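The structure under discussion appears below in the form of structure tokens.
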Amino acid sequence: MVVLSIAATAAVGCAGFDHHSSITEPTAAGNNSLLGSWTSSTLIPTPGTCTDFKWNVTEQTATAAKGSFSASCPGDLKFTGTAEGLLTSPVAISWSAKGNATGPGLTSCAMTLAGTATIGTESIIVPYSGDTCLGKVSGIETLKKH
């Protein structure tokens, strides 16, 4: 019995168990789901930038997300439409938004925005550029989940 016990202990000691795990980036499809409401707030907007981004993500897969989108843009344009994006890495999403805007004296103004956003653990940094019926817009907004 003693010989058997020593042999079993030696066998366990020889069998190695090596496990490595490393999480260096947040994953949008995992614990940091994009589903839900994301908003930005810019205290002092600069000319040519859109503000007050609202992205309500209602659908998400392992590689894509989409939902309703709204923003306020120069010329008192109120933009509403849809936004969707493709995850190009665990922390990057290539996105676009399209829809219509209304404003003083305008019944409808076609509008598009696009960019590549960076997904953080509690925010999304959204550089963007786009076109409105009143001209080009570009900037960076930081969205937080609510």
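The values are calculated or read from the model by the stated rules, or taken from the named source; none is laboratory data. Quick caveat: nothing in here was measured; it's all calculated off a predicted structure. Quick reminder, even Gly has a Cβ in these numbers, built from the backbone with ideal geometry, and neighbours come from all protein chains shown. Heads up: the accessible areas ignore ligands, DNA and RNA and are worked out on the full protein's heavy atoms, side chains in. Shrake-Rupley method; radii C 1.70, N 1.55, O 1.52, S 1.80 Å.
Using a 1.4 angstrom probe on heavy atoms only, work out the carbon and sulfur share of the accessible area of the range 90-146 in %.
Details: 1690 of 2990 Å².
Solvent-exposed carbon and sulfur of the range 90-146 make up 57 percent of the total.
Residue 98 to residue 118: extension gain in nm, 0.36 nm per residue of separation minus the Cα-Cα distance?
On the way: separation 20, 0.36 × 20 = 7.20 nm, distance 1.98 nm.
That pair, residue 98 and residue 118, stretches by 5.2 nm at full extension.
Hey, any idea what the orientation-averaged projected area of the convex hull of the range 26-137's Cα atoms comes to, in nm²?
The number I arrive at for the range 26-137 is 6.5 nm².
How far apart, in nm, are the 7 Å Cα→Cβ label points at residue 52 and residue 110?
Distance between the two pseudo-spin positions: 2.5 nm.
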